[in-house]
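First the structure, in the form of structure tokens, and then the observations on it.
The values are calculated or read from the model by the stated rules, or taken from the named source; none is laboratory data. What you see is a predicted model; the values in this text were computed from it and never measured. For neighbour counting, all protein chains shown are included, and Cβ atoms are generated from backbone atoms with ideal geometry for every residue, glycine included. Remember, those area values only see protein heavy atoms, side chains included, never the ligands or the DNA or RNA. Shrake-Rupley method; radii C 1.70, N 1.55, O 1.52, S 1.80 Å.
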Amino acid sequence: MPAGLLVGYGVFLLAVAADGARRGLRATLPIGASFRRLALPLALVLLAVPAGGSLAYGAARDEAKEQALLDRLAAADELVKSADGLGFATAEPTFRKALGEYEKLAEEHAGSRAGKLVPARLDTYFATISKPYADKVYCDAIPRLTYLRGLPATVDKDLLGTRPAKTDEPLAHSLYECGAAGIGNATYEPDPRESFNELLKTFPKSSYAPKVAPAFEASIRTRTDALAGGGTPCASTKELHTISASLDGMTDPSVEGAADQADAAVQKGDFACGTYQFKNKDFKAALDTMTAYAKDYPSSPQAAHARSIAIAAEIAEEEPAAGGKLPPADAPGGTRMVMVVSNDGPGEVELLYTGPLTGKVTLNACGTCTKYPSPIFAGSKKIKACTGPSSKYPKATLLLPAGDYHFLQKRVSTGTSTAGDTKSSKAKIEPGYSYTNCLYVTSGF
């Protein structure tokens with residue numbers, strides 16, 4: 001009910017009372033003077049009843065307003081409770097809506113009971129949103145603490161007080177712990193470099209910023225020790241690659257030393273992984289790993305050995321016996337025997353060999369050479385390859401230490417299916433002899 005209406009009604013009652021008093025005091029009544037003296041008090045009593053009722057109504061209305069404001073406060077509390085436990089991306093709009101209601105109550109109804117309760121509600125609000133930090137779920141705490149820390153940009157600073165500033169230490173701690181937990185894990189979210197970059201940028205003077213580089217270094221050291229300790233070096237190497245990638249995405253000078261350590265560990269791990277793959281007969285993987293190693297680290301002292309292992313692995317894919325043992329890191333000394341290899345076939349040919357010495361050589365195409373009939377169709381007629389003038393055939397000379405060798409010839413495709421484009425063979429090189437090796441192609445079906 002509008003207050004003006006109540007005031008008007010009160011004025012009307014006063015006018016009626018005044019008129020009644022005027023009439024009563026002038027009237028001649030057949031009663032005694034004592035009764036006449038009661039007229040004014042009775043009039044005042046009659047006036048006090050509606051006036052008192054008006055005051056009671058005003059008090060009731062004020063209480064109703066207080067209750068309505070308390071109901072709004074309770075509704076905001078329920079919003080906070082309903083968002084508790086949800087993922088922050090889902091919960092944030094609800095949290096913002098509750099905070100908006102708290103802010104209105106504090107600013108527009110500061111003297112009300114509900115308004116006076118807002119500071120305590122804000123304490124609960126901050127505690128609810130930052131709960132993952134208290135539960136040590138650090139990655140989940142990061143977006144929540146970041147939100148709380150940024151509230152002064154959109155909410156009255158006086159209302160928030162010192163609460164946002166108190167999130168600095170927990171946020172720095174969460175950024176560090178979240179980043180440290182993901183080092184070396186390619187599927188971890190968020191990537192450690194995101195957490196660490198934010199930590200080093202936003203809180204460079206915190207107690208957690210100096211811990212970033214040592215955390216990386218300790219992780220690198222653990223994986224590097226695992227390379228020499230047996231087990232599965234390829235798994236450790238994969239993690240080292242992940243660590244290196246994380247460090248590559250960081251620009252803070254404090255992690256430069258760790259980045260160098262990671263690069264060196266990755267190189268060591270790649271070679272260890274390729275060796276492990278070869279020894280475990282996974283020749284295709286060894287070929288890929290060692291080929292990449294020789295390409296990525298051409299100046300490495302192990303580059304030549306990696307190329308030898310890749311060659312042996314490629315031969316072993318066709319002839320598994322060629323992968324019986326790892327090619328030696330160093331070429332053997334002593335006498336070597338000559339092997340002259342000739343190409344009696346169309347197309348360029350690459351000859352790979354492994355044994356006491358591992359390597360490969362490429363022979364140019366023989367312009368006038370053709371394919372020989374398949375033995376199935378030749379019958380008893382023997383193939384006589386490389387029987388023409390010696391100068392006709394492209395040649396290469398190998399100097400091989402004595403021992404057992406596996407060979408693999410890989411001929412560039414001539415456009416027609418053949419039975420000799422890729423062929424493996426074996427040979428025993430003995431001291432005091434010289435050898436010839438003729439490479440030719442037979443027709444397919």
Kindly list the number of the only condition in (1) touching an Asp or Glu at 6+ places or on another chain (Cβ under 9 Å); (2) open to solvent by 50 Å² or more (accessible area, probe 1.4 Å); (3) in a loop (DSSP other than H, G, I, E, B) that fails for I183. (2)
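Every residue, every condition in (1) modelled with pLDDT under 95; (2) under 16 Å from D77 (Cα atoms); (3) in contact with a Lys or Arg (Cβ under 9 Å, 6 or more places away or on another chain); (4) in a helix (DSSP H, G or I), yes or no:
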position	(1), (2), (3), (4)
T94	no, yes, no, yes
L99	no, yes, no, yes
E103	no, yes, no, yes
P119	no, yes, no, yes
L122	no, yes, yes, yes
T146	no, no, no, yes
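For the stretch 396-415, give me each residue that is modelled with pLDDT under 95 and open to solvent by less than 80 Å² (accessible area, probe 1.4 Å). It would help to see each step written out before you state the result.
Of all residues in the stretch 396-415, those modelled with pLDDT under 95 come to 409-415.
Result: Q409, K410, R411, V412, T414, G415.
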If you check every pair at least six apart or on different chains, which have Cβ atoms under 9 Å apart with a residue in the stretch 157-178 that is loosely packed, with under 14 Cβ neighbours inside 10 Å first and a residue that is of a type in the set (D, E) and assigned to a helix (DSSP H, G or I) second? none
With the requirement that a residue be outside any loop (DSSP other than H, G, I, E, B) and open to solvent by 60 Å² or more (accessible area, probe 1.4 Å), what does the stretch 187-209 give you? R193, E194, E198, K201
The stretch 307-323 - residue that is part of a helix (DSSP H, G or I) and not aliphatic (A, V, I, L, M) and, of those, least open to solvent (accessible area, probe 1.4 Å): G323
From the set of residues in the stretch 324-374 that are in a loop (DSSP other than H, G, I, E, B), in contact (Cβ under 8 Å) with a residue 40 or more places away in the chain and among the hydroxyl-bearing types (S, T, Y), which is most open to solvent (accessible area, probe 1.4 Å)? T335
Yes or no: A228 more than 20 Å from the chain's Cα centre (by Cα), modelled with pLDDT under 95, open to solvent by 10 Å² or more (accessible area, probe 1.4 Å) and aliphatic (A, V, I, L, M)? yes
Enumeration of residues in the stretch 73-104 that are within 31 Å of the chain's Cα centre (by Cα) and of a type in the set (S, T, Y): S82, T90, T94
